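Visitor: Below you'll find the structure I mean.
The values are calculated or read from the model by the stated rules, or taken from the named source; none is laboratory data. Note that the structure is a prediction, hence the values are computed from the model and not measured. Here Cβ is always computed from backbone atoms with ideal geometry, including for glycine, and neighbour counts include all displayed protein chains.
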Amino acid sequence: KAGVTQTPRYLIKTRGQQVTLSCSPISGHRSVSWYQQTPGQGLQFLFEYFSETQRNKGNFPGRFSGRQFSNSRSEMNVSTLELGDSALYLCASSWAGLVAGDVEQYFGPGTRLTVT
Amino acid sequence: GENVEQHPSTLSVQEGDSAVIKCTYSDSASNYFPWYKQELGKGPQLIIDIRSNVGEKKDQRIAVTLNKTAKHFSLHITETQPEDSAVYFCSNGYNKLIFGAGTRLAVHP
């Protein structure tokens with residue numbers, strides 16, 4: 001079974017631009033969560049989508065948004081990019097979603113975003 | 001708020017020795033405690049997890065223990081090998097996962 005895939009793997013953007021990242025979960029998984037990983041803040045939860053609905057949200061500004069399609073693929077959008085948005089963006093999929101409280105999440109390789 | 005403290009931040013051992021990483025959490029509602037291994041240039045890989053109704057779980061050279069009363073959980077790696085070198089993250093949660101800051105483990109041949 002194929003793992004979680006993320007595209008693109010690397011991205012360079014300029015301050016003020018917007019960016020869209022894509023995540024395809026493991027086949028059969030309905031939940032996709034997004035995380036931001038930086039050396040200073042570590043792994044931080046952005047939001048989770050389950051059956052096209054956002055179920056949980058972390059403490060990030062409204063510039064960070066996402067959506068999920070009927071095939072469970074998810075996209076994350078960051079508008080008005082800031083230098084501090086440079087990070088590795090990871091998505092993770094699971095079959096039942098985090099509300100169940102105890103299901104395994106499997107991560108993709110991430111998208112390395114650099115904002116200049 | 002919710003947080004997870006992870007210690008140590010770096011750990012250096014000789015091949016064949018054991019390694020122990022400890023975490024403390026604050027969210028009493030947490031019932032799921034996964035551990036992840038992240039190698040350079042890759043996403044975190046789930047290596048073992050434990051549910052709140054279990055005190056200990058073992059998978060070959062890896063074991064996890066959980067003390068819900070003290071809100072502590074630990075990862076134990078025995079007979080370490082150079083390929084165990086990576087960054088390890090503890091995490092826990094109920095409706096979202098909170099991660100520790102990570103432990104960089106170096107296993108020297």
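Visitor: Picking from A:113, A:81, A:43, which residue would you name as being surrounded by 18 or more Cβ atoms within 10 Å (Cβ to Cβ) and not in a strand (DSSP E or B)?
Guide: After ruling out the rest, the residue left standing is A:81.
Visitor: Pick from region A:25-40 the residues that are part of a strand (DSSP E or B) and over 27 Å from residue A:116 (Cα atoms): which of them is farthest from the other protein chains (Cβ to nearest Cβ)?
Guide: A:32
Visitor: Count, please, the residues in region B:10-61 that happen to be of a type in the set (Gly, Ala, Ser), surrounded by 13 or more Cβ atoms within 10 Å (Cβ to Cβ) and closer than 23 Å to residue B:82 by Cα.
Guide: Looking only at that region, the number is 3.
Visitor: Determine whether residue B:80 is more than 23 Å from residue A:33 (Cβ to Cβ) and free of Cβ contacts under 8 Å to residues at least 24 places away in the same chain.
Guide: Spelling it out, it is not the case that residue B:80 is more than 23 Å from residue A:33 (Cβ to Cβ) and free of Cβ contacts under 8 Å to residues at least 24 places away in the same chain.
Visitor: On the basis of being surrounded by fewer than 15 Cβ atoms within 10 Å (Cβ to Cβ) and small (Gly, Ala, Ser), does residue B:101 make the cut?
Guide: So residue B:101 does not fit the description; no.
Visitor: Which residues, counting only those in region B:6-41, are within 22 Å of residue A:89 (Cβ to Cβ) and over 12 Å from the mean Cα position of the chain (by Cα)?
Guide: B:39, B:40, B:41
Visitor: Starting from residues that are modelled with pLDDT of 90 or more and farther than 16 Å from residue B:75 by Cα, keep the ones in region B:42-59 and report whichever is farthest from the chain's Cα centre (by Cα).
Guide: Here the residue is B:42.
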